[in-house]
Amino acid sequence: MEIKLKIWRQKDARSQGSFVDYNLSGVSGDMSFLEMLDFLNKTLIESGDEPVAFEHDCREGICGSCSLYINGRPHGPGDLVTTCELRMTRFKDGDTIVIEPWRAKSFPVIRDLIADRSAFDKIMEAGGFISVGTGSAPEANSIPVTKEDSDEAFDAATCIGCGACVAACKNSSAMLFVAAKVSHLTLLPQGHAESAKRAQSMVAKMDELGFGSCTNTGACEAECPKGISLAHIARLNREFLKAGFRG
Amino acid sequence: MSSFFNASVGKKFLVSVSGLFLIMFLATHLTVNLFLLWGQESYNLAAHFMATNPAIKIIEPMLALGFLLHITYSAWLTFANRDTRPQKYAMVDQSETSSWPSRNMFVLGSLIFIFLVLHLSNFWAKMKFGDMSYIDYNGVMVQDAYTLVTGKFVIWWYVIIYVAGAVFLGLHLLHGFQSAFQTLGLNNQIWRKRLTVTGTVYSIIIAAGFSIIPLYFIVNSFIN
């Protein structure tokens, strides 16, 4: 099939970017979205043009590198898929596809479709860890964890930190990401000890880095490729309020 | 405690708590208003009870504070959130991922605020400071609020403004009700469904309840 692409091109962080139109023929429905971009880059390189820069690594939906805003939605159409898992069968011959990088003050674009998401690392450094002594590996059965808590902690831990929540949110809020990290540590005994302080530090860092506040629209949950639930944000709010009332 | 209210979640806490307080006020307000449908004496006595009740005297300044906190903190958060995406997307499709009211709470809130100013000048200011007539009910002199209100609700453009105000309020609550609980952390996968259903029912009651009153009087004026 033949598709029309409207892609954001930007030389570097300081340059002004703009959309450039490309017509690409010979696209197959079997291609993944990133393979389609590889194919476009091949034609660009062959004609002596600069290829489009985009992030990718594992290409199997677990690394969180690919991060494209496709036709007005993070990771494009469809639920529970990352950009790399998106297939071209989703599109028809003659379609126009608009591709943009994540846009948020805290995720500055550094080149074409690549946004700098190191703000997430800074939030993790502010509290996304356990600092109490947990000793050497204990006998597993000596730590009581219910199946429900274990499942919910695991659900939260499936967050790959891709930033689709920030990209989808009208306020560019990172609450779903922070909530997933706080939840997965809080629900388990080793992380529970510092849960309130952790929520406080991570929220403070999130605010400081210029992410917006959550207005509970639910767009993040709907766009999250891992289906991280808003219930984790409620837990983060609980932990934050507990920390606040303790003083 | 200052770091608590400086944080986004702390500011949201104030919006949420003041919002829940205003939600309770709306239920009281609607209950009193519904006495209008039972006639002049019922409504005038209900309004008199509210105006002279010592508990209401204490709650009145709290209500003003509730409005003030809710409006200032939500405006503050909204304006801060506007700066978080300097370069906008060329194409945004949120139709499937979030509800229209949830994305437009500030627009709805602003419309409700305009309505509130009109509403306060129409009734509250007149009842509080205006030249009202009084009726003697068994020796008690009671303000004739009924005549003031029903005199307005036979004018078609008043009716349109009041029905529109009720609909905006209903849409605001449709998201606001469950959102207030989420912000307080009083939510999980099970309670989310319950809160959404309760919030929807409550929003419909508020929007329909406040709309029925002006509609009842204007329809009556056409029939009689």
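The values are calculated or read from the model by the stated rules, or taken from the named source; none is laboratory data. Quick caveat, the model's predicted, so the values are computed rather than measured. Heads up, the Cβs are rebuilt from the backbone with ideal geometry, glycines too, and the neighbour counts pull from every protein chain shown. Remember, those area values only see protein heavy atoms, side chains included, never the ligands or the DNA or RNA. Shrake-Rupley method; radii C 1.70, N 1.55, O 1.52, S 1.80 Å.
Rounded to the nearest 500, the helix-only mean residue ellipticity at 222 nm of chain A stands at -10500 deg cm²/dmol, with each DSSP H run of n ≥ 4 adding -39,500 (n - 2.57).
Reducing the range B:1-61 and the range A:1-35 to their Cα centroids gives an inter-centroid distance of 55 Å. Per residue, the range B:34-91 exposes an accessible area of 62 Å² to a 1.4 Å probe, with every protein chain left in place.
Atom-type composition of the exposed protein surface of the protein assembly as shown places 62 percent of the accessible area on carbon and sulfur (1.4 angstrom probe). Take each residue in A:91-98, count the other chain C-beta atoms within 10 Å of its C-beta, and the mean is 1.
Dimensions of the range A:118-246 based on its C-alpha atoms, expressed as ranges along the principal axes with the largest first, amount to 45, 28, 28 Å. With the solvent-accessible surface defined on protein heavy atoms using a 1.4 Å probe, which residues belonging to the range B:60-85 display a reduction of at least 50 Å² in accessible area in the multichain context relative to the isolated chain? By number: B:81, B:84, B:85. For residue B:79, the solvent-accessible surface with a 1.4 Å probe is about 110 Å², rounded to the nearest 10. Averaged over the residues of peptide B:168-180, the number of Cβ atoms from other protein chains lying within 10 Å of each residue's Cβ is 1.
Measure out, as a whole number of angstrom, how far apart the alpha-carbon centroids of the range A:167-181 and the range B:87-133 sit. The range A:167-181 and the range B:87-133 have Cα centres spaced 26 Å from each other. Applying both filters, DSSP loop and at most 15 other Cβ atoms within 10 Å, to the GluC sites (Glu not before Pro) of the range A:1-85 gives A:2, A:60.
Judged by the mean number of other Cβ atoms found within 10 Å, the most tightly packed of the peptides B:60-73, B:172-185 leads the ranking B:172-185, B:60-73. Per-residue ellipticity at 222 nm from helix content only, as computed over chain B with -39500 (n - 2.57) for each DSSP H run of at least four residues, stands at -25500 deg cm²/dmol.
Largest to smallest in accessible area, the residues B:193, A:205, B:57 fall in the order B:193, B:57, A:205 (1.4 Å probe, all protein chains included). Annotation note: chymotrypsin sites (Phe, Trp or Tyr not before Pro) in the range A:91-146 located in DSSP loop regions with a Cβ neighbour count of at most 15 within 10 Å are A:129. The alpha carbon convex hull volume per residue for the range B:51-98 rounds to 116 Å³.
Residue ranges A:106-112, B:147-153 sort as A:106-112, B:147-153 when ordered by packing (mean number of other C-beta atoms within 10 Å per residue, highest first). Protection proxy ranking of A:232-243, B:131-142, by the mean of other Cβ atoms within 10 Å over each peptide's residues and highest first, is A:232-243, B:131-142. When every Cα-Cα distance of chain A is counted in 5 angstrom steps from zero, the calculated P(r) takes the values 1, 6, 12, 16, 17, 14, 11, 8, 6, 4, 3, 1, 0 percent. For the pair residue A:95 and residue B:136, a Förster radius of 56 Å applied to the C-beta separation gives a FRET efficiency near 0.15, rounded to the nearest 0.05. Using alpha carbons only, how many degrees (0 to 90, rounded to 10) separate the axis of helix A:147-157 from the longest principal axis of chain A? With rounding to tens, the tilt is 40 degrees. When the surface is traced with a 1.4 Å probe over the full set of protein chains, residue A:66 keeps roughly 10 Å² accessible.
Using a probe of 1.4 angstrom and keeping all protein chains present, the accessible surface of chain A works out to 43 square angstrom per residue. Averaging 1/r across all pairs of distinct Cα atoms in chain B and inverting the result yields a Kirkwood radius of 19.6 Å. Extension gain, residue B:67 to residue B:17: 0.36 nm times the residue separation minus the Cα-Cα distance gives 16.9 nm. Remark: mean inter-chain Cβ contacts per residue of B:184-194 equal 4, using a 10 Å Cβ-Cβ cutoff to other protein chain atoms. Give me the angle, in degrees from 0 to 90, between the Cα long axis of helix A:195-208 and the longest principal axis of the Cα atoms of chain A, rounded to the nearest 10. Rounded to the nearest ten degrees, it is 40.
Within chain B, helices built from complete DSSP H runs that reach 27 Å or longer along their own axis (Cα positions) and carry a mean Kyte-Doolittle hydropathy of -1.0 or higher are B:8-34, B:54-82, B:156-183, B:189-223.
Annotation: residue B:146 carries an accessible surface of approximately 40 Å², with a 1.4 Å probe and no ligand, DNA or RNA atoms counted. A straight line joining the Cα centroids of the range A:75-102 and the range A:36-70 runs 13 Å. Summed over both chains, the accessible area lost when B and A associate is about 3600 Å², using a 1.4 Å probe. Helix A:175-186 and the longest principal axis of the C-alpha atoms of chain A enclose an angle of approximately 40°.
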